[in-house]
There are 4 protein chains.
Amino acid sequence: MSETIGFIGLGQMGAPMARNLAQAGFALRVWNRSPDKALALQQEGVVVVKRPADAATPGGIVITMVADDAALKEVAFGEDGFAEVLGANGIHVSMSTIAPATTRELATRHGKLGTAYLSAPVFGRPPVAVERKLWICLAGAGGAKARVTPLLKAMSQGIYDYGEDAEAANVVKLAGNFMIAAASEAMAEAYTLAQKAGVDRVAVAKMFGETLFACPVYQNYGKQIAAFSFEPALFRLALGLKDLNLVLGASQENQAPMPFASLLRDRLLSSVAKGRSEIDWTGIGLAVAEDAGIEPEPSR
Amino acid sequence: MSETIGFIGLGQMGAPMARNLAQAGFALRVWNRSPDKALALQQEGVVVVKRPADAATPGGIVITMVADDAALKEVAFGEDGFAEVLGANGIHVSMSTIAPATTRELATRHGKLGTAYLSAPVFGRPPVAVERKLWICLAGAGGAKARVTPLLKAMSQGIYDYGEDAEAANVVKLAGNFMIAAASEAMAEAYTLAQKAGVDRVAVAKMFGETLFACPVYQNYGKQIAAFSFEPALFRLALGLKDLNLVLGASQENQAPMPFASLLRDRLLSSVAKGRSEIDWTGIGLAVAEDAGIEPEPSR
Amino acid sequence: MSETIGFIGLGQMGAPMARNLAQAGFALRVWNRSPDKALALQQEGVVVVKRPADAATPGGIVITMVADDAALKEVAFGEDGFAEVLGANGIHVSMSTIAPATTRELATRHGKLGTAYLSAPVFGRPPVAVERKLWICLAGAGGAKARVTPLLKAMSQGIYDYGEDAEAANVVKLAGNFMIAAASEAMAEAYTLAQKAGVDRVAVAKMFGETLFACPVYQNYGKQIAAFSFEPALFRLALGLKDLNLVLGASQENQAPMPFASLLRDRLLSSVAKGRSEIDWTGIGLAVAEDAGIEPEPSR
Amino acid sequence: MSETIGFIGLGQMGAPMARNLAQAGFALRVWNRSPDKALALQQEGVVVVKRPADAATPGGIVITMVADDAALKEVAFGEDGFAEVLGANGIHVSMSTIAPATTRELATRHGKLGTAYLSAPVFGRPPVAVERKLWICLAGAGGAKARVTPLLKAMSQGIYDYGEDAEAANVVKLAGNFMIAAASEAMAEAYTLAQKAGVDRVAVAKMFGETLFACPVYQNYGKQIAAFSFEPALFRLALGLKDLNLVLGASQENQAPMPFASLLRDRLLSSVAKGRSEIDWTGIGLAVAEDAGIEPEPSR
């Protein structure tokens, strides 16, 4: 645990992930675009730096957990980016949900500097991150993976290795987010049918969460969808739209049509057009209900 | 356990359900359209009768588990139907997957004869029925429900009560079958994207079955879909199409649009048009792959 | 022009069609469910009868233009139905939009009485019917077709013959109504995109109606859709939903998936759920706009 | 007719357009990426240049008709681009089908050099271009429009002006291409339904082209779709996919969901995945037929 780890991005997910690393004994140098979010960590003894570049040490490790592809390119290769500092023998562990094409580009650019690039996107919402119960999809160069495994273990309950091609982990992450969105739409349609037929939608959701679909996604998202409980957001709907666009980008690139994903994208886009960017992405259930002539009374 | 129970319909599901009742000590009178399927049960000591009407005793209980709405009406109210014999104080426990509208019609007709009609459709495929691990959705008149509960317990691991309106249980059953089909399509799209991006689709399915979607539907159906393993059928694709048509009928009747269900119906209809009626209904994954230019090598 | 013609159904379409026959010199005996609609014709000298059966003469011709499949079966074979009276050598010319399956059933039942059954559904809205500018799809037995051709000519600008199988004409009619609905949705999406991009949607509709799509459907429906002008209805949205259900029924029966039709059905169903049954069926454009966050100010 | 006009892009569309300008008496300097395509024009007396930059004269007019957004940026602002030469008081008339966002970018960059940027995308396939029967959507600065009008008239039968904002013309062009694709899918579904019901699909297409849909798109595309006649391509399917992606990009940017467009994109993407990039884009009709279990025998 002798080396210092750079950690960039302290949002709803990044903050608890960084805290878990600190509590596991790793020395961190953290950076966040809006400095106030770094204050809490600073009070807990973590070093907060002024520029992404300051988070890196030559040949060290930098973990990134930022909002989107553009932010990721900026913190790595922008004016104050860390890539040059990190340099030869360094490792960039990218944990954000981004396009496989962005991974390809960053891996190439880092490669020219002698830096290994690992994709390590995660499954789990903020409360899961707090509890160190994330699931991690990992892909990239083998040696680098071994070196960062202790870090990943301090944030997660399990790591799935998808080989040497870093993009693979991004594809799996996108596939998973798509499957969550599809489950949400399916539940919303099913529970709305039940409601209009006079059956208690909360009871239906409870049953499926205990039987055929006794798993986290159906239990947790199902409860929200059944109760029209979409605020505060655990994952903002606007980010869900961003992700579905990444899914459809990968669908294009790989010539794999995904009609459910197309429908979900339109559902999310409509929700954004109606001013719902800031509610939870399970809030697509509102549109499903409205299309059935229901004006839901949201419970919070 | 003094009264004799009529049991009609000995298909892939009905046969193990009847056997479980017999093994629990209930005296059965069974009938099946094709008599050969009843032979095995006869050798185990169950009484096999020649007409549906012979399965009933006045004021007794008849359980039905038949192929579709038309078959159900026939065994109850057709020429040799049991409804007249069953009569006053009798109970018809209908466990097939049928339209809520059919339940409404049958409940009314039975009601005129003084018979109670209970909807008790089940979740679980044949191996689950064998193990007495079905889940049952129950709805109808309260008194009748109490009287049949010991029977239902002998076939299931749990019973969910949806109140006095018998149709409610049918709606929940249709909602569940829709959710299974939606999960199948979502998995097929996700795993096909992975495959075309060079990621092992079986490994992806395994991960999701262990993490976010650690529940029977994703584990069992997911394995089949990932491996293109659709034969022998546990639930025939043609029956899946029948069910999606029931779902969309309920969607119409209740004015609750279900775009995922519409897409699934078209997927199943196309699969039937291509000659795939007899494979498992998860076989919609073949069309998903073909639409991506993959000609899958089915493993059995 | 010696024989008397029965005409059943005096709605928005039937009334002008009957009037055109009367003005062409045909002797009519008309019937309508609500008698007040027949009054105007009576004042113009047409014989109004009290029961469908009274409209028929043995071996004569009866034309029907009624609301749906159920109404058609009732006027022909219900208690006061005309089928028995019409009998041998009679012709039933069915001009309503109905399911091919209903045609099959009626053709068989009429056939047992020695009556020929012709399908002759029409294209054109009420003002077109007034101007004798309908287009007719005709199918059925050859001899009968020759005998009714003068009647059809008095109502239309053109007749297309689809052979001896009466169902064929119904399939073409359903195909056409589907194509109209699809064009409406396509225009609504295109014009809504234009509007949100700051382009005048009325100007866009005008251009396409003068160029690539210089044809009645795009010109007439396009004007309504661009201006959000959906009242009074020329064709009620609830009837549009009925027709899309007939289309999807034919899609099922013929194992021909129609994803656009599925989407249109959901669009119409949602519009009905929102209380829009009575506006024009081009009113699906309201939902397209709302999904884009526009609250249209309908112009009438 | 004194000034020399630059013309860049001599594909299936650009070549006849340039020829029409030359025949109308305009002095042209043409450039094409693959020089052989310019040879025919050279033999007709047109000046062929070696680089895009050589096509421009300071303060003059350059017309571009190239394959896609990237090609357009390259010929204007790439290493050998014409933008710097064209400079102050020049006009770039961009006739390709591109994204509104690309127009925004190019208009800004040209503006910094004092050059006016006009969007003038066209409707019409190559034979229409030959006959000077194109329809042009025009948008951009008013003065520039007046100056190029004689040029546009020499290539078209009509010009529609969408105001000062150049992007507006691109939006209309994308809306039109979407509407064509939607009409193609609708026809393919309708004619396949007819075929499976035993009705001659060619006869059905003929009727609709003569009646409700008596307009170029339904007549010309309808004939191809009914006859499964997709080669040689008048507009390559791969370009259709490119355009639908532009449509969906505009849909995203303007928050206007377009479910038909989403479905069409998946249809085209699947066709590309199946190796059909080079057939005509109406070839989506193949997939519609295959989904209905028909293996069409293409006629050419």
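Taken over segment C:79-98, the criterion of being under 29 Å from C:GLY240 (Cα atoms) and crowded, with 21+ Cβ neighbours inside 10 Å is satisfied by C:PHE82, C:ALA83, C:ILE91, C:HIS92, C:VAL93, C:SER94, C:MET95, C:SER96, C:THR97, C:ILE98.
Here A:GLU295 passes the criteria (1) charged (D, E, K, R); (2) over 23 Å from the mean Cα position of the chain (by Cα); (3) part of a loop (DSSP other than H, G, I, E, B); (4) within 24 Å of C:GLU189 (Cβ to Cβ) except the one numbered (4). Considered as a group, the residues in segment D:138-163 that are within 11 Å of chain C (Cβ to nearest Cβ) and not hydrophobic (A, V, I, L, M, F, W, C) include one that is farthest from the chain's Cα centre (by Cα), and that residue is D:GLY163.
If the requirement is being of a type in the set (Asp, Glu) and under 17 Å from the mean Cα position of the chain (by Cα), which of these qualifies: D:ASP266, D:ASP243?
Numbers: D:ASP266 fails: under 17 Å from the mean Cα position of the chain (by Cα).
Just a single option satisfies the conditions, and that option is D:ASP243.
Per this entry, A:VAL171 is not counted among residues that are outside any helix (DSSP H, G or I), touching a Gly at 6+ places or on another chain (Cβ under 9 Å) and not acidic (Asp, Glu).
Among the residues of segment A:239-254, are any touching a strand residue (DSSP E or B) at 6+ places or on another chain (Cβ under 6 Å) and touching a residue at least 60 places away in the same chain (Cβ under 8 Å)?
No, that holds for no residue.
Scanning segment C:196-215 for residues that are in contact with a strand residue (DSSP E or B) (Cβ under 9 Å, 6 or more places away or on another chain), in a helix (DSSP H, G or I) and not hydrophobic (A, V, I, L, M, F, W, C) returns C:LYS206, C:GLU210. The residues on offer are A:GLU290, A:GLU278, and the sole one that is in a helix (DSSP H, G or I), among the acidic types (Asp, Glu), surrounded by fewer than 24 Cβ atoms within 10 Å (Cβ to Cβ) and at pLDDT 95 or above is A:GLU290. For segment B:107-124, the tally of residues that are surrounded by fewer than 18 Cβ atoms within 10 Å (Cβ to Cβ) and not polar (S, T, N, Q) stands at 5.
Only residues that are closer than 18 Å to A:PRO126 by Cβ and surrounded by 14 or more Cβ atoms within 10 Å (Cβ to Cβ): list them for segment A:17-32, please.
Our first condition is that a residue be closer than 18 Å to A:PRO126 by Cβ; within segment A:17-32, this holds for A:17-23, A:30, A:32.
A:MET17, A:ALA18, A:ARG19, A:ASN20, A:LEU21, A:ALA22, A:VAL30, A:ASN32, listed by residue number.
For segment A:255-274, residues that are touching a Pro at 6+ places or on another chain (Cβ under 9 Å), more than 9 Å from chain C (Cβ to nearest Cβ) and free of Cβ contacts under 8 Å to residues at least 24 places away in the same chain total 1.
Only a single criterion out of (1) within 17 Å of A:VAL62 (Cα to Cα); (2) in contact (Cβ under 8 Å) with a residue 24 or more places away in the chain is not satisfied by A:LYS133, namely (1).
Regarding segment A:187-210, can at least one residue be identified that is surrounded by fewer than 24 Cβ atoms within 10 Å (Cβ to Cβ), under 20 Å from the mean Cα position of the chain (by Cα) and either more than 7 Å from chain B (Cβ to nearest Cβ) or among the polar types (S, T, N, Q) (or both)? No - not one qualifying residue is present in segment A:187-210.
The rows are residues; the columns are (1) crowded, with 20+ Cβ neighbours inside 10 Å; (2) without any contact (Cβ under 8 Å) to a residue 12 or more places away in the chain; (3) within 28 Å of D:LEU246 (Cβ to Cβ); (4) within 19 Å of the chain's Cα centre (by Cα).
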site: D:LEU41; (1), (2), (3), (4): yes, no, no, no
site: D:ASP54; (1), (2), (3), (4): no, no, no, no
site: D:MET65; (1), (2), (3), (4): yes, no, yes, yes
site: D:ALA70; (1), (2), (3), (4): no, yes, yes, yes
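Taken over segment A:211-234, residues that are more than 8 Å from every other protein chain (Cβ to nearest Cβ) and of a type in the set (A, V, I, L, M, F, W, C) amount to 7.
Could you list all residues from segment A:3-23 that are out of contact with any strand residue (DSSP E or B) (no Cβ under 8 Å at 6 or more places or on another chain) and closer than 21 Å to A:ASP68 by Cα?
Initial filter on segment A:3-23 (out of contact with any strand residue (DSSP E or B) (no Cβ under 8 Å at 6 or more places or on another chain)): A:11-12, A:15-16, A:19-20, A:23.
Listed by number, the residues that qualify are A:GLY11, A:GLN12, A:ALA15, A:PRO16.
So which residues in segment C:171-190 are within 17 Å of C:GLY285 (Cα to Cα) and touching a residue at least 60 places away in the same chain (Cβ under 8 Å), if there are any at all? First the steps, then the outcome.
Within segment C:171-190, the first condition is being within 17 Å of C:GLY285 (Cα to Cα), and the residues that meet it are C:177-190.
Hits for segment C:171-190 are C:ASN177, C:PHE178, C:ALA181, C:ALA182, C:SER184, C:GLU185, C:MET187, C:ALA188, C:GLU189.
The values are calculated or read from the model by the stated rules, or taken from the named source; none is laboratory data. These numbers come from a predicted model, not from an experiment. Heads up, the Cβs are rebuilt from the backbone with ideal geometry, glycines too, and the neighbour counts pull from every protein chain shown.
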